[in-house]
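The values are calculated or read from the model by the stated rules, or taken from the named source; none is laboratory data. Values in this document were obtained by computation on a predicted structure and should not be read as measured data. Glycine gets a Cβ as well: all are built from the backbone with ideal geometry, and neighbour counts include every protein chain shown.
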Amino acid sequence: MNKKARSKVAAKKLKLRAQLWPELDEARLWHRSEKVGFVTIPRAMPLILGIMDDMSKNKPVSSTYFDLWCRTYDDSFVVISKPREHAFSSGFTGQRAEGAWAARMRILENLGFIAVQPGPSGPMNYVLIWNPYEVIHKHKINRNEVIRDDSWNALQQRVVEIGADDLEIEENEAAGEVISQGDGQLAKIGWPARARERA
């Protein structure tokens with residue numbers, strides 16, 4: 001959808017909103033052009049997060065991943081100086097909070113959604129976030145059966161609706177080495193050997 005088309009859609013939505021809430025006080029709304037403290041996310045993020053949780057097999061990683069994403073500055077890079085704070089923001093509390101968070105981080109790394117490097121704040125001081133569309137696509141090409149057909153089809157439909165081209169990669173680019181990790185097969189294409197050794 002080009003800029004002109006988007007403007008028309010936005011105008012129609014605002015007209016409908018005004019009809020539904022004629023006495024709306026816009027000062028009570030949050031708008032990124034008037035506020036600070038926001039981050040860019042893919043419009044398909046809800047579907048991406050749901051697929052991640054399916055892939056992590058009863059150990060949801062979506063809150064951990066989203067906390068990381070919300071700390072980026074459109075650079076896909078996070079410096080973790082306070083792991084316990086990240087754990088709390090991800091929904092983990094109590095004495096085992098940091099350990100539970102670290103375990104979810106390792107799952108994200110093993111699935112290929114992030115890469116980590118050690119530093120003065122610990123073994124996961126620096127985090128790089130890979131394009132989640134491509135990670136999911138690579139798993140799908142490698143026949144990761146944990147990705148449900150309905151979720152995959154919904155993601156493809158949403159990508160078409162929003163005009164994204166992230167899933168338009170050749171199968172031979174996505175296919176590659178698949179390694180075993182316990183009870184599952186995890187695609188490990190294009191990520192550092194460090195992550196593969198931990199799997």
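List of remarks:
- Scanning the range 150-189 for residues that are modelled with pLDDT under 55, of a type outside the set (Asp, Glu) and in a helix (DSSP H, G or I) returns ASN172, ALA174.
- Looking across the range 1-37, the residues that are loosely packed, with under 11 Cβ neighbours inside 10 Å, over 20 Å from GLY163 (Cα atoms) and basic (Lys, Arg) come down to LYS15, ARG28, ARG32, LYS35.
- Taken together, the residues in the range 51-109 that are touching a residue at least 40 places away in the same chain (Cβ under 8 Å) and charged (D, E, K, R) amount to 6.
- Test: ALA44 is in contact (Cβ under 8 Å) with a residue 24 or more places away in the chain and out of contact with any Gly (no Cβ under 6 Å at 6 or more places or on another chain): yes
- The residue that is modelled with the lowest pLDDT, among those in the range 87-129 that are surrounded by fewer than 18 Cβ atoms within 10 Å (Cβ to Cβ) and of a type in the set (Ser, Thr, Tyr), is SER121.
- Single match in SER76, SER90 (criterion: within 13 Å of the chain's Cα centre (by Cα) and not hydrophobic (A, V, I, L, M, F, W, C)): SER76
- Tally, over the range 79-135, of residues that are of a type in the set (A, V, I, L, M), farther than 30 Å from TRP152 by Cβ and out of contact with any strand residue (DSSP E or B) (no Cβ under 9 Å at 6 or more places or on another chain): 2
- Long-range neighbours under 6 Å by Cβ, at least six apart or interchain, first residue closer than 30 Å to ASP67 by Cα within the range 13-39, second at pLDDT below 95 and among the aromatic types (Phe, Trp, Tyr): ARG32/PHE38
- Every residue from the range 55-89 that is under 22 Å from THR40 (Cβ atoms) and hydrophobic (A, V, I, L, M, F, W, C): VAL61, PHE66, LEU68, TRP69, CYS70, PHE77, VAL78, VAL79, ILE80
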